[in-house]
1. Among the residues of segment 78-105, count how many are within 19 Å of the chain's Cα centre (by Cα) and among the charged types (D, E, K, R).
2. Considering only segment 87-105, how many residues are assigned to a loop (DSSP other than H, G, I, E, B) and surrounded by 15 or more Cβ atoms within 10 Å (Cβ to Cβ)?
3. Among the residues of segment 73-93, which ones are touching a Phe, Trp or Tyr at 6+ places or on another chain (Cβ under 7 Å) and over 16 Å from Asn34 (Cα atoms)?
4. Just checking, which of Val25, Val85 is aliphatic (A, V, I, L, M), at pLDDT 75 or above and within 30 Å of Val102 (Cα to Cα)?
5. Just need a number here: residues in segment 70-86 that are in a loop (DSSP other than H, G, I, E, B) and either touching a Cys at 6+ places or on another chain (Cβ under 8 Å) or open to solvent by 70 Å² or more (accessible area, probe 1.4 Å) (or both).
6. Of all residues in segment 50-69, which are surrounded by 15 or more Cβ atoms within 10 Å (Cβ to Cβ) and hydroxyl-bearing (Ser, Thr, Tyr)?
7. Within segment 51-65, is there a residue that is at positive phi, modelled with pLDDT under 90 and small (Gly, Ala, Ser)?
Amino acid sequence: VSSVRRRRALKEGHGTERSYIDDEVDCGPGAVWNEEHKVCAHACDPEGCVNPCTDAAIAEGEFYHPFCQSEYKFVQCDEFHGCFVMPCAPGTKWSQAELTCVQDD
């Protein structure tokens, strides 16, 4: 969902009164609303590959993964489960062992 209606609590009044405001958040192109973290996050579409940015991977600090369609790209995750397909520099390819792009043989 690229936009979402949400209800936010405003400052509490005296006693137990509480005021609320409804508004709409537009996340913009390429982003979706992350309800768990209450933020707009990059939409994860790793071009037909399985999203490697899982809860378990994030919890383990695993933010870099091989890209299933090319050894000259990799997938970078963010803490909100967004993922970005990133290119290696010319003449390099992804090394999962080194978690960086290395000289192509």
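The values are calculated or read from the model by the stated rules, or taken from the named source; none is laboratory data. All values derive from a computational prediction rather than experimental measurement. In this analysis, Cβ positions are derived from the backbone assuming ideal geometry, glycine residues included, and neighbour counts consider all displayed protein chains. Only protein heavy atoms, including side chains, enter the accessible area calculation; ligands, DNA and RNA are left aside. Shrake-Rupley method; radii C 1.70, N 1.55, O 1.52, S 1.80 Å.
1. 2
2. Going through segment 87-105 one residue at a time, the tally reaches 1.
3. Lys73, Phe74, Val75, Gln76, Val85, Met86, Pro87, Cys88, Lys93
4. Exactly one of Val25, Val85 is aliphatic (A, V, I, L, M), at pLDDT 75 or above and within 30 Å of Val102 (Cα to Cα), namely Val85.
5. 6
6. Scanning segment 50-69 gives a single hit, Tyr64.
7. no
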